[in-house]
1. Taking the condition of being outside any loop (DSSP other than H, G, I, E, B) and more than 21 Å from Phe100 (Cβ to Cβ), how many residues in the range 113-135 meet it?
2. Going by the structure shown, is Ser30 touching an Asp or Glu at 6+ places or on another chain (Cβ under 7 Å) and among the hydroxyl-bearing types (Ser, Thr, Tyr)?
3. For the range 1-21, state whether one or more residues are part of a helix (DSSP H, G or I) and either of a type in the set (S, T, N, Q) or at pLDDT 90 or above (or both).
4. Residues in the range 129-149 that are of a type in the set (Gly, Ala, Ser) and surrounded by fewer than 17 Cβ atoms within 10 Å (Cβ to Cβ): how many?
5. What's the number of the condition Leu115 fails, among (1) touching a strand residue (DSSP E or B) at 6+ places or on another chain (Cβ under 9 Å); (2) buried (at least 22 other Cβ atoms within 10 Å of the Cβ); (3) of a type in the set (A, V, I, L, M)?
6. Pairs needed: first member in the range 115-131, within 16 Å of Gly90 (Cα to Cα) and modelled with pLDDT of 95 or more; second member anywhere, of a type in the set (S, T, N, Q) and crowded, with 20+ Cβ neighbours inside 10 Å; C-beta distance under 9 Å; at least 6 residues apart or different chains.
7. Please go through (1) assigned to a loop (DSSP other than H, G, I, E, B); (2) modelled with pLDDT of 90 or more for His209 and return the number of the only condition it doesn't satisfy.
Amino acid sequence: MAQTTAGPENGPVAVDFWFDPACPYTWLTSRWMREVERVRPVAVRWHVMSLAVLNEHRDEDPEGDTEGYLWMPVRICAAVAAHGGEQALGRFYTALGRRFHGPGGPDWEAVPDALAEAGLPVELAGAATATEHDGAVRASHGRAMELIGGDHVGTPVIAVDADRGPEATAFFGPVISRVPVGEDAGRLWDGTLLVAGVPGFHELKGRPHEAPRTGTVPDRDLAV
């Protein structure tokens, strides 16, 4: 079972978070993980995964991405990771998510602003229509699928102790429509790790999806 606590001798637990930036539910889960970092000894490492890659060989694309638009944000994310590493990617995702998942929907014109807010060169926005980072997108996505054991899931994928390979605790979700804060966020983390770490556990579902409540993102997250 995954480590859930950390002492002063070994520091916080590394939690790897794979995301496709286009998904509003994933955005809420990522903000929950930011809350978890505040109340549990964990440190999130950010990675890109791709709904476009996930769905490319399926007879019917559940995202309806006939124009290939889902490639654009993940390419920029891969360019950011190549330029500044996974913490830079985390900063960019925060800045981009605020602009993509606000009341008005995705704001492509604001991508340079998101890069600038994250302390990154605005020229990285040009990666959206290039293919030089496609290999990195596929490799990062493939790592998430490897840890979870197949392509039967969507975004996000979370792994604890990912460096342990097959012994890591990896799971899809949780899918949430609002962001729990404080100790509520910590309890959800504890419970998620508990069920995901049980040998033979595969799936748990709740009520049918409601629209993502992006307005529940904590105000303090805006400064992350």
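1. The number of residues fulfilling the criteria is 1.
2. no
3. no
4. 5
5. Leu115 satisfies every listed condition except (1).
6. Final answer for the pair search is Glu117/Thr94; Ala118/Thr94.
7. The single condition His209 does not satisfy is (2).
Every residue, every condition in (1) farther than 11 Å from Trp32 by Cα; (2) of a type in the set (D, E, K, R); (3) not in a loop (DSSP other than H, G, I, E, B), yes or no:
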site: Val153; (1), (2), (3): yes, no, no
site: Ile158; (1), (2), (3): yes, no, yes
site: Val175; (1), (2), (3): no, no, no
site: Trp189; (1), (2), (3): no, no, yes
site: Val195; (1), (2), (3): yes, no, yes
site: Val198; (1), (2), (3): yes, no, no
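The values are calculated or read from the model by the stated rules, or taken from the named source; none is laboratory data. Note that the coordinates shown come from a computational prediction; the quantities given were computed from them, not determined experimentally. Methodologically, a virtual Cβ is constructed for each residue, glycine included, from the backbone with ideal geometry; neighbour enumeration extends over all protein chains shown.
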